[in-house]
Amino acid sequence: MYPRFAKERIEEALSDTRVVLISGPRQSGKTTLAMDVAADRTPFLTLDDANVLRSAVDDPVGFVRGLDRAVIDEVQRVPDLLLAIKNLVDDDETPGRFLLTGSANLMTLPKVADSLAGRMEVIRLLPLSQSEIIGTKSNFIDRAFAGEMPSSKHIVVGHELIEVVLSGGYPEALGRKRWARKQDWYHGYLDAIVQRDVRDVAQIDQLAVMPKLLSVLAEHSGQLVNYSAIGGALDLNHVTTRKYVGVFESLYLVHTLQPWFTNRLKRLTKSPKLHFLDAGLLAAMRDVSPDVVAKDKTCFGPILETFVFSELRKIASWSEQRCSFAHFRDKDKNEVDLVLENRRGEVIGIEVKSSATVSAADFSGMRKLADACGDKFVQGMVLYDHDKIVPFGENIFAVPLSSLWSSS
């Protein structure tokens, strides 16, 4: 069993919050982690069991009545349970009463939006981070906001880095040796999601178009979102396309990264940027393996950017910082792939480069971002395929990609 560094945060939340939800994609390890946290002390009920599901659907109030504490798995399958849980925990405010897991972002479901506000803490659990795979807890984000140099232990470069990125973080896929078998798992996983979970989170008029839309989105990963262009290939208008992309977002398959803005700069792009949330999943959809990258590395850049985005989201789930994610791009096309901003308004800039060389030109967007932030700009990094940290100006560095999973 891999260590999950969000466990400590979940246990802390259960000590002072009535309901805790572990939310993330299917097969990311939510159930295993919930059972580990609860151990043998708490009843475990999964809504993937047909009999349990039927009972919860028929009588959600009766289903939870009399439960002192419980783990309820895949709770998005019966949203009405959350209102029943709300009434129960309002009558008894003891912390840690319910530990829930959900394979959909429940806050996007109409029946759920306000039912547990102030009563529930949501902790995201994405597939395994590289830190968890090697068993070393990364403090990359905390060090960055402290203005400290990144650590450069556990260096991985070249072909080994490509394998790490393309493998993704789903435990089942990681357990398969051959690349064809890994990618078979990812395709089977997507088929199951579309056939089963899409119906749980939305009323979709054109269910058959969803796999095709996901394939189109895979080709647009790492790019600015243009709903008309994405939907046009499938005869979908921009309104329907946006709605369907939102369904994939709620299932933690993709994420639309909003643009960073400031009043100091007027000419900033307002378009979000599309990312998949697992690089292995994206690689399978684009049919990219290490052999393919060895012949043509141009296909690797967008997958690497997805990998870095996903790794940082995972590290943020156990970081002491509470930070938002965005991207920076102005009308002159100066850009920074990722902008992290903490609650104090301090900013970290991250640019991703798949090559082993970095030049001053690679920092043009970073310098624009630094100027816009003023004294709130803490540090800027271009992550690249090398083993050396190289300064390129005050608080601006070229940094090995593997610094993401190094600890101090």
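The values are calculated or read from the model by the stated rules, or taken from the named source; none is laboratory data. Because the structure is predicted, anything quoted here is derived from the model rather than measured. Counting neighbours? That spans all protein chains shown, and the Cβs are built from the backbone with ideal geometry, glycine included.
Quick notes on this one:
- Of the strands (runs of 3 or more DSSP E) lying entirely inside the stretch 296-408, those containing at least 2 residues that are more than 14 Å from Arg143 (Cβ to Cβ) and of a type in the set (Phe, Trp, Tyr) span 323-329, 377-384.
- Condition broken by Ala284, with the remaining ones in (1) out of contact with any helix residue (DSSP H, G or I) (no Cβ under 8 Å at 6 or more places or on another chain); (2) under 25 Å from Arg199 (Cα atoms) satisfied: (1)
- Members of the stretch 207-223 that are touching a residue at least 12 places away in the same chain (Cβ under 8 Å) and over 18 Å from the mean Cα position of the chain (by Cα): Leu207, Val209, Met210, Pro211, Lys212, Leu213, Ser215, Val216, Glu219
- One residue from Ser215, Ser167 being surrounded by 21 or more Cβ atoms within 10 Å (Cβ to Cβ), farther than 30 Å from Leu45 by Cβ and in the same structural domain as Pro290 (by TED's automatic domain parsing): Ser167
- Test: Val165 is of a type in the set (Val, Ile, Thr) and touching a strand residue (DSSP E or B) at 6+ places or on another chain (Cβ under 6 Å): no
- Test result for Leu224, farther than 24 Å from Glu74 by Cβ, out of contact with any strand residue (DSSP E or B) (no Cβ under 9 Å at 6 or more places or on another chain) and surrounded by fewer than 21 Cβ atoms within 10 Å (Cβ to Cβ): no
- The single residue among Gln195, Gln203 that is out of contact with any Phe, Trp or Tyr (no Cβ under 7 Å at 6 or more places or on another chain), of a type outside the set (Val, Ile, Thr) and in a loop (DSSP other than H, G, I, E, B) turns out to be Gln203.
- Flag if Val347 is touching a His at 6+ places or on another chain (Cβ under 8 Å), at pLDDT 95 or above, of a type outside the set (Lys, Arg) and more than 29 Å from Lys212 (Cα to Cα): no
- Matching residues, the stretch 184-195, being out of contact with any Lys or Arg (no Cβ under 9 Å at 6 or more places or on another chain) and not aliphatic (A, V, I, L, M): Tyr186, His187, Gly188, Asp191, Gln195
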